[in-house]
Amino acid sequence: MTRLSNRTLANLPSNIARPAYDRANVKVGVVHLGVGAFQRSHAAEYFDSILNSDLNWGIIGASLRKPGTRDALAPQDFLYSHVIRSGGGTEIKVIGSLLNVLDATTQRDELMAAMTNPDVRIVSLTVTEKGYCHDPATGKLDRNHPDVLHDLARPEAPISAIGLLVRALELRFAHSVAPFTVLCCDNLPSNGETVARVVAEFAALRSEALAKQIAQKVTFPSTMVDRIVPATTDEDRSLVAERLGLEDAWPVVTEPFTQWVIEDRFCAGRPDFEKVGVQLVSNVKPFEHMKLRMLNGSHSTLAYLGYLAGYDYVAQAIADPAFHKLIYALMTDEVMPTLPSGLGDLGAYRDALLERFANAALKHRTWQIAMDGSQKLPQRLLGTMRDRLASGQPIHRLSLGVAAWMRYVTGIDEKGTAIDVRDPFAQRLRAIADNAGKDHQKLAHGLLQVKEIFGEDLPQNQIFIAELEGQLHALFAKGARQTVQDLPV
């Protein structure tokens, strides 16, 4: 079958939307580190809309570890299909804002040239929580991280996102080129502040003068991003090929809902974000807390318990009345009371989330959400727990989510089948689990000693420990579904 490309755009059926602008006239204004399904379904779609009226904001993407995205999209001129699925049907449009994807492992010079191009005014990132070489419990740079050690030893050839940012800014300063705005789009608490902190710490290890320049001249606005994006399947590719009459090696599939909230602090200018539905605010923290705690915290809880209960997809888990009751009560009774005022109708937001989780047309695997839990727990569940513990409020459902993660990372499911645990700490966690066996108290104690996740305070909190041990005991004794079923109203 013929591939999607600039040449074949004209062959698309009339009901398939495609770029209304001339891609040949688009200038690069953004470099994005960590091109993946989320970025292509979220930010790239916003920029695609921006290009309809302003051709200065094309994107060059970079994959930091593997060339798969580049290799899939290069033969089709980096065009791809954006598939929106809901109970009402499927809509497809072709996105043209991504102009190139570089493999940072083999095209570092080309990437650095792009990041130092004066036309580039924003460098954005979706490298996942683990990509920032930081301690999730403290938000500080992990100075012993292998990538950090590499980049300090070879600053001219960085491999980490932080090393790339610092090197590019160093070169721009050296050549009197204005710096870019660093725009983090990952689920980190106060993500702009977090990235600014680790960049400052890394830069200071290189040069105090460089660190000072970055602090004075570079902006790191915090953001909140929201869209559910499952991994693309062969079934998705077949559907797209049938609808387009063309082959697309890597379409992205998502839901109708999308949200992007950004602090309006751009040192080198920005596009007219408001025109395409982006919310510009002075402080993103309230929105971030709402999303991380209500959506992401519920998603993780649902993923670990749902996987253990045998549910492959989120929609299957939330369709179980016991799981629906758990997630409803988790958000209503334990999360919403920790959120600041001024966020609007939180009950309506909760109900919308439950409806989004139930979108059976969006096949979002519980296993996919369960990845990298060691990096996600601190901001998704543990921060909420700390707030509730400090005010003497119960943490029964929150602790069940953490206990389910502990049960999951043992690497053996309830039927005795191996779990493919994807986590940067996977070997360390499995060693602790193997040493504990089925002793739930020993397992809880061992995992709580991972200070990068739980910090210094939670392992000393007797209320938290008692809750955790009780939930783990139930998960081992009764299984996930019965434990959820037996929860008090």
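What follows draws every value from the coordinates through simple rules; no lab data is involved. Note that the structure is a prediction, hence the values are computed from the model and not measured. Please note: Cβ atoms are built from the backbone with ideal geometry, for glycine as well, and neighbour counts cover all protein chains shown.
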Order of 101-112, 373-384, 332-343, 307-318 by packing, highest average Cβ count within 10 Å first?
-> 373-384, 307-318, 101-112, 332-343
Taking the simple approach of a point 7 Å from Cα along Cα-to-Cβ for both Gln216 and Thr90, what is their distance in nm?
-> 5.6
Quarter of the surface of the C-alpha convex hull for the chain, i.e. direction-averaged projected area in nm², equals 22.6
Pairs of Cα atoms under 8 Å, at least six residues apart: use those to get the relative contact order of the chain, whole percent.
-> 14
Determine, from the Cβ-Cβ distance of Leu343 and Thr106 and an R0 of 56 Å, the FRET efficiency 1/(1 + (r/R0)^6), rounded to the nearest 0.05.
-> 0.80
Under a cut-off of 13 Å between alpha-carbon atoms, report the aspartates and glutamates in cross-link reach of Lys27, not counting same-chain residues fewer than 8 places apart.
-> Asp48, Asp54, Asp119
Nearest-0.05 FRET efficiency for Ser53 and Gln279 at R0 = 25 Å, using Cβ-Cβ distance, is 0.85
Cα centroid separation - region 186-234 against region 317-344, whole Å = 29
Among Leu165, Leu12, Leu73, what is the fewest-to-most ranking by other Cβ atoms within 10 Å?
-> Leu12, Leu73, Leu165
Antiparallel DSSP beta bridges within the chain, as percent of all bridges there, nearest 5 = 35
Long pairs among Lys66/Lys130; Lys93/Lys363; Lys291/Lys363; Lys66/Lys285, criterion Cα-Cα beyond 26 Å | Lys66/Lys285
Excluding residues on the same chain fewer than 8 positions from Lys451, give the aspartates and glutamates whose Cα lies under 14 Å from its Cα.
-> Asp135, Asp142
Which value in nm describes the separation of the simple spin-label points at Gln441 and Ala360, placed 7 Å from the Cα toward the beta carbon?
-> 4.5
Computed over the chain: longest principal axis from alpha-carbon atoms vs helix 234-244 long axis, angle to nearest 10 degrees, is 40
Highest average packing first - 27-33, 440-446, Cβ atoms within 10 Å | 27-33, 440-446
